[in-house]
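This report concerns only the one structure given below.
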Amino acid sequence: MTLAGQVHGFLSPTGVEIAFVLVGIATLGAALVTVTTKQLVHAALWLVVALGGLAVEYLLLTAEFIAWVQVLIYVGSVVVLLLFGLMLTKAPIGRSPDADSENRWAALVVALAAAATLVWVVADAFRTTWINLDGTVQGSTKITGETLFSHWVLPFEALSVLLLAALVGAVVLSRRSSSANGRAPR
Amino acid sequence: MHLAYPAVLAALLFSVGVYGVLARRNAILVLMSVELMLNAVNLNLVAFDVWLRDTLHAGQALTLFVIVIAAAEIGIGLAIVLLVYRNRGTSDIDQLTDLAEPAPGQGPAQREDQAEEAEEKAEAAA
């Protein structure tokens with residue numbers, strides 16, 4: 001792996017790397033706006049940009065199937081669920097000045113410390129490591145399907161049971177109880 | 001591709017999610033930040049799967065499982081938030097302090113006042 005540093009120039013990025021960094025900057029910016037904006041509905045819409053950018057990153061890493069699953073499940077259903085939740089809890093449309101709590105400075109310190117530590121460790125550990133994207137495609141739908149249904153069948157089935165349990169749980173939780181004045185028993 | 005790019009991007013996204021979880025006040029915005037953190041982990045899993053050329057494709061299988069578990073989590077989480085909103089009239093996690101120690105200057109009478117206020121809000125919302 002030390003020889004890799006001589007093969008790959010440090011300051012001569014490939015096209016894939018440039019695309020990855022550009023999309024990564026857009027993704028990170030959208031994520032930052034998601035956690036800082038005062039408009040609650042805009043936060044959900046910026047989350048779409050961040051998750052879509054991550055789908056593009058998966059495509060650049062040749063994980064094609066994961067990218068489409070990301071688009072289908074996250075952008076398609078999770079964000080829609082979040083928007084439904086915002087509407088059902090009568091979230092204010094427009095700017096809400098109390099979107100952040102008072103301890104956001106403590107949160108900022110914790111997040112910056114976490115970011116500095118993680119980036120330092122990760123950059124130091126993988127300074128001389130390169131991903132070879134030119135070989136066989138690692139994540140095409142065919143390959144993912146074959147491995148999922150030959151090596152990972154049991155976890156896959158267990159997961160479907162988990163999804164069913166979550167579905168039933170969500171229905172039970174959100175059902176209005178038939179007790180007096182429509183309030184759920186405490 | 002340099003492995004540091006996806007790893008650093010995932011670390012930064014995770015930190016953004018940490019900030020959102022700690023600083024946001026609306027429960028639904030906290031759930032959005034949790035989604036960001038889970039996605040950062042997914043990016044790491046995919047990048048390391050491609051780097052290691054795993055023949056079992058454990059990284060990508062695990063990514064799919066994390067996505068499914070995140071979908072289940074968001075469903076249950078939103079159901080709980082809606083139930084809290086219906087009972088308390090607010091989805092503001094700073095005000096859900098039933099399990100917290102009472103502050104030193106705050107007597108039990110004041111807490112009862114707050115509880116009554118919350119009940120009125122809940123009735124108004126129902």
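Values in this text are rule-based calculations from the coordinates and carry no lab data. Every value quoted in this text rests on a predicted model; they were computed, and no experiment measured them. A quick note on method: Cβ atoms are made from the backbone with ideal geometry, for glycine too, and the neighbour counts reach across all protein chains shown.
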Which distance in Å, rounded to a whole number, links the C-alpha centroids of region A:118-165 and region A:75-91? 29 Å
Packing-ranked peptide list from A:69-78, A:84-93, highest mean Cβ count within 10 angstrom first, is A:69-78, A:84-93
Provide the FRET efficiency to the nearest 0.05 for the A:Val16-A:Leu88 pair, computing r from the beta carbons and using R0 = 35 Å. 0.25
For region A:30-65, list residues with backbone N below 17 Å from a point placed 7 Å from the Cα of A:Leu72 toward its Cβ? A:52, A:55-56, A:58-59, A:63-65
Could you work out the mean count of beta carbons from other protein chains within 10 Å of each residue's beta carbon in A:32-42? 4
Could you state the principal axis extents of the C-alpha atoms in the protein assembly as shown, from the largest down, to the nearest angstrom? 72, 42, 33
When each pair of different Cα atoms in chain A is counted once in the 1/r mean, what is the Kirkwood radius in angstroms, to one decimal? 20.8 Å
7 Å from Cα along Cα→Cβ at both A:Leu162 and A:Trp105: what's the point-to-point distance in nm? 4.0 nm
